[in-house]
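Below: one structure, written as structure tokens.
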Amino acid sequence: MFFLNHIWIIPLLPALGAALMFFFGRKLSKSAVSFFCVGLVVVAFVFSCLTVLQYTGWAAAHNHQPFEKIVYTWLGSDTSNLGYLTHSGRAADFHVDAGFLLDPLSAIWLLFVTGVGMLIHIYSIGYMAHEGGYYRFFGYMNLFMFTMLTLVLGNNYVMLFVGWEGVGLCSYLLIGFYFLKKSATNAANKAFIVNRIGDAGFLLGMFTIAWYLGSFRFTQITEVARSGRLSTGDPTITLACLLLFVGACGKSAQVPLYVWLPDAMEGPTPVSALIHAATMVTAGVYMVARSNALFVLAPEAMKTVAIIGAVTAIFAASIGLVQNDIKRVLAYSTVSQLGYMFLALGVGAFAAGVFHVFTHAFFKALLFLGAGSVIHALSSEQDMRHMGALVHKIPTTFKTMLIATLAIAGIFPFAGFFSKDEILWQAWSADNGAYRALWYIGYATAFMTAFYMFRLMYLTFWSPSRVEHEVEHHIHESPKSMTIPLIVLAFFSLFAGFLGWPHSLKGSNRFEKFLEPVFAREATQFDKSGKEAQLAAAKKEEEHANPTEYFLMILSLGAAFAGWGLAKRSYGKAAEGYTEPIAATAPPAYRVLYNKWYVDEAYDYLFTGRRKLGPVRLGAMGAGEAAWAVDANFVDGGVNGAGWTTRALAKLSVWWDTWIIDGLLVNGIAYSTRPLSWLTRMIQWGLVQWYALVMVAGILGFVLYYIFR
């Protein structure tokens with residue numbers, strides 16, 4: 001039980017690395033920085049594996065209960081003497097523990113966060129070898145690991161929120177790592193601000209849960225939610241779940257708060273891999289999955305999650321069809337795949353959504369690290385229009401990226417096929433087909449995914465070379481510190497899906513069975529004999545034997561191969577000098593997709609008061625101002641949507657301050673005291689002579705009273 005009882009050591013290991021870098025990193029050599037920062041993450045991964053292994057034995061002996069380790073009581077107050085009871089029926093003795101929770105859900109996140117994070121750290125040794133701020137980079141990366149592990153292992157919403165805010169801070173630091181580059185600082189600010197919007201919703205959801213159920217602790221909340229004391233469709237629970245989902249939309253980049261994630265590409269490529277594959281963007285999915293007991297009581301919230309997920313999936317995929325920056329294609333791919341995950345959670349297929357998170361962590365990390373290897377080979381070139389014919393020049397990068405592409409496209413038997421097909425099947429069969437429209441969206445997204453990923457492969461590796469002449473002579477394969485993580489990730493991208501081999505293919509879906517203790521509905525929802533539960537399980541097995549699933553599986557594969565074929569036909573022979581049709585003659589639909597549906601422009605117009613820099617405006621500027629404007633790509637918008645909104649709010653603010661605050665509350669109250677104080681003011685003038693006269697008159701009055709009495 002040593003590892004379980006000391007689970008708190010796991011997040012502290014990367015925290016120690018971060019502290020060493022922040023205090024002593026400047027004085028350490030690069031090899032020492034690598035030894036401490038990467039070594040501590042390796043130790044954290046080994047410790048995590050042993051902890052999960054020990055937990056499986058402990059859980060088998062304790063009826064698959066979650067393991068909790070309370071280190072100390074962080075916040076607390078006893079209000080039971082007030083006689084106040086929450087809706088859960090317990091006295092509202094509020095307390096928050098610094099505690100850690102390990103169950104199948106957190107175990108899965110723990111393993112791939114530390115495992116994939118470890119590989120990204122190893123990869124970074126080679127990728128960042130010639131970059132400045134080496135110690136600072138690894139300090140931020142270790143801090144990122146610490147905060148994500150705190151988020152995953154915390155046993156209550158407050159601990160989760162500490163990690164939640166921590167990954168937001170680390171993303172700001174890492175996206176803006178090249179802080180002398182204005183586009184990087186703009187992207188970091190954008191990520192930080194957009195996430196604050198989501199975090200406000202998350203906080204309100206947390207407080208609603210604590211007020212209504214009297215606890216922040218996951219096990220207590222789950223117990224109450226499954227006890228039968230709360231009704232399905234409870235408006236307070238629905239509100240809390242919707243507010244939590246607002247937070248998830250920010251952190252996991254769902255419509256309409258997705259806009260920060262594509263710009264996060266301004267950070268170093270290992271940062272993109274860590275954010276997109278193993279840490280920050282999966283936090284929202286984890287939080288919704290962790291709150292599954294509440295969400296099943298809020299069908300309207302579940303429906304919202306499913307619809308937003310489906311819309312995000314196809315919306316981001318459509319933008320990815322025409323992007324030319326290799327990292328930006330992968331960024332929109334991440335947004336789209338996250339939509340798939342929320343689609344699964346929204347239709348109640350929690351295990352399928354988590355399974356896609358698990359497989360996605362491997363092939364998306366591989367795609368980003370592979371893209372980084374391509375960029376490294378091409379001397380920092382990221383535009384796919386200036387690539388091509390790299391298949392034999394960087395063969396390890398090509399082979400591993402091909403495996404990842406086959407996985408994300410959903411080609412059998414690669415990992416993405418099993419997780420994506422399970423989501424589509426669950427969407428088709430959920431609630432007797434009520435969500436069938438979402439299946440069509442998911443199916444179209446699968447076709448788009450295959451198209452833009454194989455478009456990336458053809459433009460980068462298979463089409464004729466369009467590489468700049470001076471760059472072509474320096475193309476080389478990446479060092480082993482970069483290629484070995486690619487090979488390991490390729491292995492898991494190929495074989496990780498076998499853990500979820502479905503019942504329809506005569507498998508046992510061990511991944512889903514592992515998660516059953518987390519997502520199984522409480523037995524009290526059925527009769528005491530459990531017959532209804534048995535019937536439900538039998539029905540589930542029957543559904544998996546339904547011939548419709550085989551047909552849908554074939555359709556899914558057909559979409560993947562159709563996307564591959566269309567990409568080959570369109571880009572397989574992209575000649576030297578090839579350019580995308582982005583001129584004024586391009587079709588309107590293409591221009592809309594290339595400009596990302598003009599969402600960023602709309603947000604700038606409505607909220608930030610900036611607009612895109614035009615060529616006429618640029619010519620009217622001075623040289624220095626023009627240079628700044630080109631770098632920023634925006635200028636002050638003048639009177640636009642944000643301008644009118646700001647002016648209206650300013651006028652309202654002035655009116656409110658003048659007539660309500662100053663007029664009614666301050667001056668009004670002051671003036672109202674004047675009539676009441678008139679008599680007092682007649683005798684309270686502040687003059688000593690007047691006071692003496694009044695005293696003499698008073699004495700004379702008393703004397704006369706007694707004389708004439």
Name the residue farthest towards the positive end of the dipole of the chain from the options 211, 262, 23, assuming +1 on Cβ of Lys and Arg, -1 on Cβ of Asp and Glu, about the Cα centre. 23
Farthest toward positive dipole pole in the chain [+1 Lys/Arg, -1 Asp/Glu at C-beta], among 437, 118, 557: 118
What's the angle, to the nearest 10 degrees (0 to 90), between helix 30-61's Cα axis and the longest principal axis of the chain? 90 degrees
Expected field for residue 662, accessible surface area in Å² at 1.4 Å probe radius, rounded to 10, holds 60 Å²
Loop only by DSSP, 14 or fewer other Cβ within 10 Å of the Cβ. Give me the chymotrypsin sites (Phe, Trp or Tyr not before Pro) in segment 161-195 that pass, ordered by residue number. 179
State the Cα centre-to-centre distance between segment 489-506 and segment 230-267 in whole Å. 29 Å
Relative contact order, percent, of the chain when contacts are C-alpha pairs under 8 Å separated by at least 6 residues? 11 percent
Taking the 0 to 90 degree range and rounding to the nearest ten, how far is the long axis of helix 326-346 tilted relative to the main principal axis of the chain, both from C-alpha atoms? 70 degrees
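Could you give the length gained by full extension between residue 591 and residue 645, i.e. 0.36 nm per residue of separation minus their alpha carbon distance, to one decimal place?
16.6 nm
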Mean residue ellipticity at 222 nm from the helices of the chain, using -39,500 (n - 2.57) per DSSP H segment of n ≥ 4 over the full residue count, to the nearest 500 deg cm²/dmol? -21000 deg cm²/dmol
When each of 399/568; 364/480; 303/568; 420/480; 181/573; 327/480 is checked by Cα-Cα distance, pairs over 28 Å: 303/568; 420/480; 181/573
For segment 436-467 and segment 155-170, write down the distance between their C-alpha centroids in whole Å. 35 Å
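The values are calculated or read from the model by the stated rules, or taken from the named source; none is laboratory data. As the structure is a computational prediction, the values presented were derived from the model and not from experiment. In this analysis, Cβ positions are derived from the backbone assuming ideal geometry, glycine residues included, and neighbour counts consider all displayed protein chains. Just so you know, the surface numbers come from the protein's heavy atoms only, side chains and all, with ligands and any DNA or RNA stripped out. Shrake-Rupley method; radii C 1.70, N 1.55, O 1.52, S 1.80 Å.
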